[in-house]
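*Asks:* Have a look at the structure that comes next, please.
The values are calculated or read from the model by the stated rules, or taken from the named source; none is laboratory data. Not measured: the values here are computed from a predicted model. A quick note on method: Cβ atoms are made from the backbone with ideal geometry, for glycine too, and the neighbour counts reach across all protein chains shown.
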């Protein structure tokens, strides 16, 4: 009877030894889930009284926002928006702290500018804290929070195609395809209580919110949306260019090129 007793003692000892690490992992998971549960995009938050001409893009004027950078088309009947990016490596901004998390997000969406009742959107978050970098793929029907896709991994240098499609003003799909790995994830929305207007199409780099306030904005380098299309055809020609301005400082420089490319660079 000694062998089972010794085995039991060893098993218990191993469980006790493993418990602290397990508890720590669980706690980190709980904290991460709580943080993501409050992660949300916002509608365009304009900075009043700041209008100009987009550098290198003489056909479009620039608007300034505290949270959005990129390109917005304003019209009607926008039911599908697509764009492809190469995932950047975010950096701590100049003068930043290695103990602070800095984030930015790249996404495509329908509505949220002139129509502020809802946004159908999907994209990728980039976060850096010290030397640690992480990425999250997500979907959202604003004003509900964003939710992480499961079953997809993303790293710097991956090519990601993002697509949102409105099948009605209260239903649709969000799709993220990691072209590099061949993995695609999809989420379907139905019977949403906040209706789309289908009057805005967007390709955006955002300083999103968590816990009700803007997160510390990461130096995201440069993000270029290629293959930018609306309704499987119309491109970004005629889009309004938006740059982020915070505390009287412009942090981004965005422009369009041709009919299907939007580029935003961090300048802060």
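*Asks:* Given the criterion at pLDDT 50 or above and surrounded by 11 or more Cβ atoms within 10 Å (Cβ to Cβ), identify the matching residue among 32, 39.
*Replies:* 39
*Asks:* Then there's this: Name the residues in segment 144-160 that are outside any strand (DSSP E or B) and crowded, with 16+ Cβ neighbours inside 10 Å, would you?
*Replies:* 145, 146, 149, 152, 154, 158
Here's the yes/no breakdown for (1) part of a strand (DSSP E or B); (2) under 21 Å from residue 174 (Cβ atoms); (3) touching a helix residue (DSSP H, G or I) at 6+ places or on another chain (Cβ under 9 Å):
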site	(1), (2), (3)
192	no, yes, no
195	no, yes, no
205	yes, yes, no
225	yes, yes, no
238	no, no, no
241	yes, no, no
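*Asks:* Shifting gears a bit: Run residue 155 past the list (1) under 13 Å from the mean Cα position of the chain (by Cα); (2) closer than 16 Å to residue 87 by Cβ; (3) touching a residue at least 40 places away in the same chain (Cβ under 8 Å) and report the number of the one that doesn't hold.
*Replies:* For residue 155, the exception is condition (1).
*Asks:* Hey, another quick one. Select from segment 110-136 the residues that are in contact (Cβ under 8 Å) with a residue 40 or more places away in the chain and outside any strand (DSSP E or B) and write down the one among them that is surrounded by the most Cβ atoms within 10 Å (Cβ to Cβ).
*Replies:* Among residues in segment 110-136 that are in contact (Cβ under 8 Å) with a residue 40 or more places away in the chain and outside any strand (DSSP E or B), the one surrounded by the most Cβ atoms within 10 Å (Cβ to Cβ) is 111.
*Asks:* Take residue 160 and decide whether it is within 18 Å of residue 227 (Cα to Cα) and either free of Cβ contacts under 8 Å to residues at least 60 places away in the same chain or within 15 Å of the chain's Cα centre (by Cα) (or both).
*Replies:* On the way: within 18 Å of residue 227 (Cα to Cα): yes; either free of Cβ contacts under 8 Å to residues at least 60 places away in the same chain or within 15 Å of the chain's Cα centre (by Cα) (or both): yes.
Here the answer is yes, as residue 160 does meet what is asked.
*Asks:* Here is a follow-up. Mind listing whichever residues of segment 208-220 are in a loop (DSSP other than H, G, I, E, B) and in contact with a strand residue (DSSP E or B) (Cβ under 6 Å, 6 or more places away or on another chain)?
*Replies:* 208, 215, 216, 218, 220
*Asks:* Does segment 175-190 hold any residues that are in a loop (DSSP other than H, G, I, E, B) and closer than 17 Å to residue 119 by Cβ, and which are they?
*Replies:* The answer is 190, and nothing else.
*Asks:* Mind checking which residues of segment 173-208 are on the phi > 0 side of the Ramachandran plot and surrounded by 16 or more Cβ atoms within 10 Å (Cβ to Cβ)?
*Replies:* Once the filter is applied, which keeps residues that are on the phi > 0 side of the Ramachandran plot and surrounded by 16 or more Cβ atoms within 10 Å (Cβ to Cβ), segment 173-208 yields only 198.
*Asks:* On to the next question. Can you spot a residue in segment 78-85 that is at pLDDT 95 or above, within 22 Å of residue 210 (Cβ to Cβ) and either out of contact with any helix residue (DSSP H, G or I) (no Cβ under 8 Å at 6 or more places or on another chain) or outside any strand (DSSP E or B) (or both)?
*Replies:* Within segment 78-85, one or more residues are at pLDDT 95 or above, within 22 Å of residue 210 (Cβ to Cβ) and either out of contact with any helix residue (DSSP H, G or I) (no Cβ under 8 Å at 6 or more places or on another chain) or outside any strand (DSSP E or B) (or both).
*Asks:* Collect the residues in segment 61-77 that are surrounded by fewer than 19 Cβ atoms within 10 Å (Cβ to Cβ) and either modelled with pLDDT under 95 or in contact with a strand residue (DSSP E or B) (Cβ under 7 Å, 6 or more places away or on another chain) (or both), keeping them in residue-number order.
*Replies:* Matches in segment 61-77: 61, 66, 74.
*Asks:* Can you go through 231, 248 and tell me which one is surrounded by fewer than 22 Cβ atoms within 10 Å (Cβ to Cβ), over 19 Å from the mean Cα position of the chain (by Cα) and at pLDDT 95 or above?
*Replies:* Just one listed residue meets the conditions, 231.
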